[in-house]
1. Counting just the residues of region 9-36 that are touching an Asp or Glu at 6+ places or on another chain (Cβ under 9 Å) and farther than 21 Å from residue 171 by Cα, which one comes out most open to solvent (accessible area, probe 1.4 Å)?
2. Mind listing whichever residues of region 56-93 are among the β-branched types (Val, Ile, Thr), modelled with pLDDT of 95 or more and farther than 30 Å from residue 301 by Cβ?
3. So if I check each of 351, 317, which one is modelled with pLDDT under 95 and open to solvent by less than 30 Å² (accessible area, probe 1.4 Å)?
4. Inside region 188-205, can you point out the residues that are open to solvent by 10 Å² or more (accessible area, probe 1.4 Å), under 27 Å from residue 64 (Cβ atoms) and outside any helix (DSSP H, G or I)?
5. Could you look through region 269-281, keep only residues that are assigned to a strand (DSSP E or B), hydrophobic (A, V, I, L, M, F, W, C) and touching a residue at least 24 places away in the same chain (Cβ under 8 Å), and pick out the one that is surrounded by the fewest Cβ atoms within 10 Å (Cβ to Cβ)?
6. Within the set of pairs 6 or more residues apart or between chains, which connect a residue that is at positive phi inside region 24-46 to a residue that is surrounded by 15 or more Cβ atoms within 10 Å (Cβ to Cβ) with Cβ atoms less than 9 Å apart?
7. Return yes when residue 270 is over 14 Å from residue 208 (Cβ atoms) and not acidic (Asp, Glu) and no when it is not.
Amino acid sequence: MKLDDFDFDLPEGLIATRPARPRTAAKLLVAEGEGIRDLTVADLPDLLGPGDRLVLNNTKVIPARLTGSRARDTGQGTVVAKIEVTLLEPAPGGAWSALAKPLRKVKEGEEITFSDRLSAKVLTIAEGQMQIAFNCTRADFDAALAEAGAMPLPPYIAALRAPDEADKSDYQTVFARHSGAVAAPTASLHFTPELLETLRQKGVTFTEVTLHVGAGTFLPVKVEDVTTHKMHAEWGEVSAQAAAEINATKAAGGRVIPVGTTALRLIESAAVAEGEIAPFCDTTEIFIYPGYRFRIADALMTNFHLPKSTLLMLVSALMGQERIREIYAHAVAKGYRFFSYGDASLLLPKARNGG
């Protein structure tokens, strides 16, 4: 299985740099069985109903991009230099791993100041990253970070425009509860409180899980044989209640439909048998590519993914490689908007009538 098997041509003009407004106005490509329909996210209540359970990732994106300064005493006096820091993930003990530009000039033990309320000490530097300890924790840290930080837009959006104030709400789901992600579960960005309520009235049920999406989600696959690729680790939790809800739906013959690849990867990580999931609180490095046997997920709502990405491999595992090529060719031809702020797809390997 070669990396080039997951390549496709994508015109740059189809890369979305802003979300659809309202959120539910985004296009929704529905691939069910052998068919394809062009709808919008607002049509979702007509596609789902009693027996369907949507699994939502309630992680909350932190404003992980920081601009700071560091001061150093030299023979010519105190020199102050600007530094750009991107938080990656929390480390045991309360520290954070982070990227820095320019990292080569940073020294262990020095302090970086981001605002009057937020600063950090550099603990260690290794393998192109640093570990830093902030001057505050918990609610104080959240408040200071919200004030000083910017949303960590994906590289393919950041290359086209700078983050701004609108991204603080645009790049956050309406059910975000637990801070820790540095990338959004982007399929969930299409939901509004009104859409969730309409789905509830249609008999759709919901289960929330938490997977803190890491910056590694944007790392390119660098090996030609994709089966040798190693995934980044991300922390996730499936509560006892969430596991019970999913198991009840599976036992009743209903459909479990994760919203986003992050929710799908988490529930498959927590699977203990065909159709059975257990509570889970750990890191996962699960890599799903063609040949994988899904044990929990029956379908998937997701955005459109990068060529040669692990997420394209995941949807290829769910639908089949040839089928995904057909779906993506249709999306390009019809002008669907791609990636984090783009349009959505509802991938249903089997039609309702079993076809």
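1. Taking the candidates together, the pick is 36.
2. 67, 83, 85, listed by residue number.
3. Numbers: 317 fails: modelled with pLDDT under 95.
Just one listed residue meets the conditions, 351.
4. Once the filter is applied, which keeps residues that are open to solvent by 10 Å² or more (accessible area, probe 1.4 Å), under 27 Å from residue 64 (Cβ atoms) and outside any helix (DSSP H, G or I), region 188-205 yields only 192.
5. Residues of region 269-281 that are assigned to a strand (DSSP E or B), as a first pass: 271-273, 276-277, 280-281.
Then drop every residue that is not hydrophobic (A, V, I, L, M, F, W, C), which leaves 271-273, 277, 280-281.
Filter once more, so that each one left must be touching a residue at least 24 places away in the same chain (Cβ under 8 Å): 271, 277, 280-281.
Working: 271: 20, 277: 26, 280: 20, 281: 11.
So the residue we want is 281.
6. Every condition considered, the pairs that remain are 33/348; 33/349.
7. Details: over 14 Å from residue 208 (Cβ atoms): no; not acidic (Asp, Glu): yes.
So residue 270 does not fit the description; no.
Conditions tested, residue by residue: (1) in a loop (DSSP other than H, G, I, E, B); (2) open to solvent by 60 Å² or more (accessible area, probe 1.4 Å); (3) charged (D, E, K, R).
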residue	(1), (2), (3)
267	no, no, no
283	no, yes, no
295	yes, yes, yes
301	no, no, no
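The values are calculated or read from the model by the stated rules, or taken from the named source; none is laboratory data. Please read all numbers here as calculations on a predicted model, not as lab measurements. Glycine gets a Cβ as well: all are built from the backbone with ideal geometry, and neighbour counts include every protein chain shown. Areas reflect the complete protein model, heavy atoms only, side chains present, ligands, DNA and RNA absent. Shrake-Rupley method; radii C 1.70, N 1.55, O 1.52, S 1.80 Å.
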